[in-house]
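> Before anything else, here's the structure in question.
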Amino acid sequence: MEANKDSQNSKENNRINPEQALNTLNNLYDRYTELEKVKEVHKTERMRIEAEKEKALKQIEATKDLLMTHLNRSFDERAMIFKKNFEVIDAAIANNNMEALAITVQSLNTLAAQSPFKALVDVAQVKRKLMSSDEIEI
């Protein structure tokens, strides 16, 4: 009989107050909705960061394309000038024209001493001016 009494007391102690259960349920629901809001904020932030990343990558790619185009044209132009200078040197040697030979070799040395990469500074400056919101005087 005492075991029965203890069992009954135990059941009464384990009973949950309905108001307490409702409060706990409401608390859980509030936390869940708060968690969903936080998740949405983080999702939006990740999307914004991803969009900024894509924009930055496109700008980097455009700058790379601009610089590569400039370098390719610069090297092509230099190659053409070197080729023409060597043709003039060959003709000067064939005609025994030492004055033309000296002038062309001097021109060739000057061109060889100049770095095509030096012009990249000018291209970068122009690009910065184009991308800025400042007015450009022409």
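> Which residue, L35, A51, L22, has the largest displacement toward the positive end of the dipole of the stretch 17-72 when charges sit on each Cβ (Lys, Arg +1; Asp, Glu -1)?
Among L35, A51, L22, the one farthest towards the positive end of the dipole of the stretch 17-72 is A51.
> Report, in debye and to the nearest 20, how large the dipole of the stretch 17-131 comes out about its Cα centre when Lys and Arg carry +1 and Asp and Glu carry -1 on their Cβ.
Around 200 debye, computed over the stretch 17-131.
> I would also like to ask the following. Give the distance, in whole Å, between the Cα centre of the stretch 47-74 and the Cα centre of the stretch 83-100.
Result: 44 Å between the Cα centres.
Only the coordinates and a few stated rules stand behind these numbers; no lab work does. Because the structure is predicted, anything quoted here is derived from the model rather than measured. Neighbour counts run over all protein chains shown; Cβ positions are idealised from the backbone, glycine included.
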